[in-house]
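What follows draws every value from the coordinates through simple rules; no lab data is involved. None of these values were measured; they are calculated from a predicted model. No Cβ is skipped: glycine too gets one built from the backbone with ideal geometry, and neighbour counts run over all protein chains shown.
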Amino acid sequence: FLQIRIIKPDGLTAAVREFVTENLGPEFLPSFVLNIRDVFEQMSASTPMIFLLSCGKGTEDPHICSGRTAGIRGSTQHLDIISLGQGQGPKAEDLIHKALVLRGRWVFLENCHLAASFMPRLFKKTGANIDPQFRLFLSSKPNPQVPISILQRAIKIAVELPQGIRGKLLTTFGSSGSREVLDKMYKKENAGPYWRRLLFSLCFFNAVAQERKKYGALGWNIPYEFKSSDLEILMEGQEQIPWQALRYLTGEVVYGGRVTDSWDRRCLNCILQMFYTPEILQEGHRFSIYHIISENMDQVQCVNYIESLPEYDLPDIFGMHPDAEKTFLESQSQLFMETVVSIHLANSALLTVLRQEIDRFNHLLEVILKSIRSLCFAVKGQSILTVSLEEVYNSCLNMKVPKLWKVRKTVFPLTFFLVNQLSDTSSLHLRQDESNFGDGVLVFGLYLDGAHWNAVGQSIEESKPGKRYCKMPSIHFLPVKVAYECPVYRTSQRAGILSATGLSTNFVTSVILPSQHPFSHWVTRGVALLCQLDD
C-alpha cells in the first residue's frame, strides 16, 4: 500500500478494495447490499436486532430503519415505534409490557444512545418468560453506556449510506428488505404512461445529488444531508405533473428546502434540468454511459440492469472534470493512511524518531541564536571574543557555514540558505499594475478552481490534465454581457456562516467570465474563483 500511496495515490482506494475482496470477501465492501430479511431469520424473542448508526456525516435517516422493519412485518399494525430521549423511558417500558401481554407484537426503540440510563432496565424487561413471537429492534449510535450484555446478545447491523451511483440505486430498487421502491410503487396504476422512466430518473437524480458531496467544495459549498425521506415524498406525490411544477417541487421545496446557499441552489437546479426534461421519455435516452430504463421493464429487469452498472462512477455523470475524481481519490487515500496511522498511534516508532528530530532541530536553533547573540556582544566589546566565536565570525565573512552550526558536511555556502528564504519571501509579493486602467476596479491574486483560463481566447475552458487550479491575470471590473457568473470565495472551503443577507461569510462577490460552453456546464463543474489556495 505504501508503494501505491507514493507512486499513484489516486489508485490506493482501488487497491484496498481488491485486497479486501481477495482476503475478506465481497460482503465486506461498502457496495454489498445486505438483505435484512435474511438477517431477520436469525432473530428470536431473546435476540434483538441493533441498527448501529454512524456518528459522522453521510448517515442514513434513522427513521428509515423502522420503516424497513415495518417492511419485514408487512405493515405497522403490530409494530410499536418510539424515539427515545428525555422522559421517554417509562413510555418505552409500557410499550414492551403491552407487547408481551398482547402477544405477537414487535417493538422498535429508536435513538437508544439518548436514553442510556434506560438500557439496563430494558435488559431485565426482556430477560425471561417472554412471548416467543416477540421481536425487539433498536437503533443507536456507538455509546459506551449501552450495556455490553445487550450488544453481545443482539444481532448488529451497521447502517450507512451506500457508495456510488450503483450502490444507491440498488438500495432504492433492490430486491432486499431494505429497498425503497416497492412493487406497488413501481407498478403504480393511476400514474401516467411514462411513470417508470420518470421514477428512475428521479432516483438517479437523488443518487447524483448525494454523491456530489464526495467532491467537497466542488460538489456542494455546504455538505447537505439529502435523506431517503426526500425521495419518498416525491415518489408518493408524482403522477401527471407539468415539468415546470415538477422542477419547482423538487428543486425549490423538497431538495431545495435543505439547500441554504444560493450558489448551491443554482447548481441543484442545473443538475435537475438533466433529469427532469422531456428527453427522458424518449427510448434510449442516456445520462453519460447510463441509459434510462424502458417503460416495459419489470422491477426484476430494472434491478438486473442496475447490477450491471460499473462499480466506479465516471465524473461526467456529476458534471465534473476528470481531475475532480483524481482529487477525490487522493483525499480518500490520505484519509485511509491517516486512519491506519491513528490506529497504531501509541506504538508508532516513527513518532519517537520524529520527536528526537524536532528536539535536535530546536537545539540547533538555540545554538545558532546563542552564538550570534554572543558574537554581537563580542564585536561591541561587551564580552570576550572566544576561539569558537572567532571561527563563527570568520566563517560568516567567508560565506561559509560555521563548524559550530554544522551537523554534517555540506557543500552549500551560507548564502544559499539566505537567498532561498529571500526568494521565497519575494515570490509572495505581487507587482501591482501601475498603468492607467480608467474606470472600474483592478483585482489580482485570484485562482480559478475547476477550470482553465485561456489568455489568448479570453475565456474559460476545461482544466489542463493534472491542474485543478489556474492563476488568473488581473481582472478589470466593468459591466459586461452575461456569460458565466462565477462566485468568488475567500478560501477553497467555500462554506461559511450565513449572514443576514443570506450569503456566506466566505463569499466575496461574483465575476462575469466569457465562455464558449453553456452556462450550466460550468455550474455543474463547480467552477469558482478563490482568493487564496490551501498550499
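Per-peptide packing, taken as the mean over residues of other Cβ atoms within 10 Å, places 295-301, 105-111 in the sequence 105-111, 295-301 from highest down.
Rank these for me by crowding, Val253, Val523, going from fewest to most other beta carbons within 10 Å.
Values: Val253 12, Val523 21.
By the 10 Å Cβ count, ascending, the order reads Val253, Val523.
Using the Cβ-Cβ distance between Gln516 and Leu350 with R0 set to 51 Å, the FRET efficiency works out to roughly 0.55. Arranged from fewest to most other beta-carbon atoms within 10 Å of their beta carbon, Trp405, Trp195 become Trp405, Trp195.
Model label points for Leu314 and Asp359, set 7 angstrom from Cα along the Cα-to-Cβ axis, are 5.7 nm apart. Taking Lys and Arg as +1 and Asp and Glu as -1, the other residues whose beta-carbon sits under 10 Å from that of Gly104 total +2. Couplings 3J(HN,Hα) for region 512-526, derived from phi with the Karplus relation 6.51 cos²θ - 1.76 cosθ + 1.60 (θ = phi - 60°), are 8, 10, x, 8, 9, 9, x, 4, 5, 4, 7, 5, 5, 6, x Hz, where x marks Gly and Pro. Compute log10 of I(q)/I(0) for region 451-535 with the Debye formula, placing one identical point scatterer on every Cα and leaving out solvent, at q = 0.10 Å⁻¹, to two decimals. Cα-only, vacuum Debye calculation for region 451-535: -0.26.
Annotation: the residues Ser499, Ser463, Ser510, Ser520, sorted from fewest to most other C-beta atoms within 10 Å of their own C-beta, follow the order Ser499, Ser510, Ser520, Ser463.
For Leu151 and Val16 in the same chain, what is the full-extension length gain: residue separation times 0.36 nm, less their Cα-Cα distance, in nm?
45.7 nm
Charges were assigned to the Cβ only: +1 to each Lys and Arg, -1 to each Asp and Glu. The resulting dipole of region 241-359 about its Cα centre is roughly 360 debye.
For Gln493 and Leu335, a Förster radius of 22 Å and the Cβ-Cβ distance give a FRET efficiency of 0.85, rounded to the nearest 0.05. To the nearest µm²/s, what D does Stokes-Einstein give for region 164-320 at 4 °C and 1.567 mPa s, using the Kirkwood radius over alpha carbon pairs as Rh? In µm²/s, the coefficient rounds to 82. Rounded to the nearest 0.05, the FRET efficiency derived from the C-beta distance between Asp38 and Gln458 at R0 = 51 Å is 0.25.
In this simple spin-label approximation, Val419 and Ile384 carry label points 7 Å from Cα along the Cα→Cβ vector, and these lie 3.9 nm apart.
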